[in-house]
Amino acid sequence: MSRLWRYGSPYTRVRDYIQNKFIAEENRPIWFDVWTVHPPFREPVLKEKLPINDYFIRNRSIREPKDLNYLADKSRAAFRTSYTDSIISLDPDIAKVELPLSEKIARRVATLTPFAQEYKFDAYKAALVEAGIESDDFYRHEFLDNMADGELSTAEKTRLDRRKQQSEMELSMLQSMMESVSMQNYSIPDLDESISNERASQIKSEAEADDLEALLNDLLDGK
């Protein structure tokens with residue numbers, strides 16, 4: 001077996017057969033003329049086979065198949081399972097501008113995914129809140145829990161807790177005022193003054209608690 005037979009491509013073999021009169025000119029295959037007029041951009045290369053290992057098996061380099069389940073398809077499926085998608089226009093000019101609601105959610109999820117991995121929140125739920133499909137409370141508690149469980153210092157956690165307690169206190173105080181006194185007879189300056197007094201008392205109690213904690217720490221340290 002010659003090297004030309006082993007390493008030559010089908011085109012070079014047929015070409016040499018025609019030149020040496022092994023194949024008549026009128027009996028050449030059709031693909032030979034097509035190959036001659038439109039040659040391939042890359043010549044076919046014969047690769048040597050991999051050697052057989054100790055277990056008499058020839059190792060083969062197999063490419064792993066790509067994942068066909070894209071993130072956008074998962075987002076669309078999750079949206080269409082729980083919500084009703086918007087109507088798609090048959091007019092191509094309108095369809096290019098006004099995308100389906102599921103497509104908008106899928107694209108927004110793809111945009112928020114890198115930030116979601118960094119700041120530990122659900123990109124799909126955030127996209128639903130931004131689109132106005134769900135309210136702000138849809139995932140707020142989950143997001144705050146993730147922040148509390150993350151790498152936050154004690155001071156940051158304390159500040160978050162105090163801010164949460166302060167907001168809850170203001171809401172409860174306003175609710176009690178609305179229940180006890182009619183809003184028509186209660187002016188806005190009175191509300192502001194009451195809130196300011198309550199904040200001042202809370203700040204004073206927090207300062208006293210901090211002083212007491214510092215005093216206890218000094219006593220424990222033996223100062």
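Restricting to the stretch 18-57, name every residue that is among the charged types (D, E, K, R), surrounded by 10 or more Cβ atoms within 10 Å (Cβ to Cβ) and outside any helix (DSSP H, G or I).
Start the filter on the stretch 18-57 by keeping residues that are among the charged types (D, E, K, R), which leaves 21, 25-26, 28, 33, 42-43, 47-49, 54.
Still in the running and surrounded by 10 or more Cβ atoms within 10 Å (Cβ to Cβ): 28, 33.
Result: R28, single match.
Go through the stretch 30-80 residue by residue and tally those that are out of contact with any helix residue (DSSP H, G or I) (no Cβ under 7 Å at 6 or more places or on another chain) and under 30 Å from Y124 (Cα atoms). Full working, then the answer.
Going through the stretch 30-80, the residues out of contact with any helix residue (DSSP H, G or I) (no Cβ under 7 Å at 6 or more places or on another chain) turn out to be 30-31, 33-34, 36-45, 47-70, 73-74, 77.
Now drop any that are not under 30 Å from Y124 (Cα atoms), which leaves 64-70, 73-74, 77.
Residues meeting the conditions: 10.
Restricting to the stretch 58-93, give me the number of residues that are within 23 Å of the chain's Cα centre (by Cα), of a type outside the set (S, T, Y) and not in a loop (DSSP other than H, G, I, E, B).
9
If Y7 meets every condition in (1) among the aromatic types (F, W, Y); (2) loosely packed, with under 10 Cβ neighbours inside 10 Å; (3) at pLDDT below 80 apart from one, which number is that one?
(2)
The values are calculated or read from the model by the stated rules, or taken from the named source; none is laboratory data. Worth saying up front: this structure is predicted, and the values here are computed from it rather than measured. Heads up, the Cβs are rebuilt from the backbone with ideal geometry, glycines too, and the neighbour counts pull from every protein chain shown.
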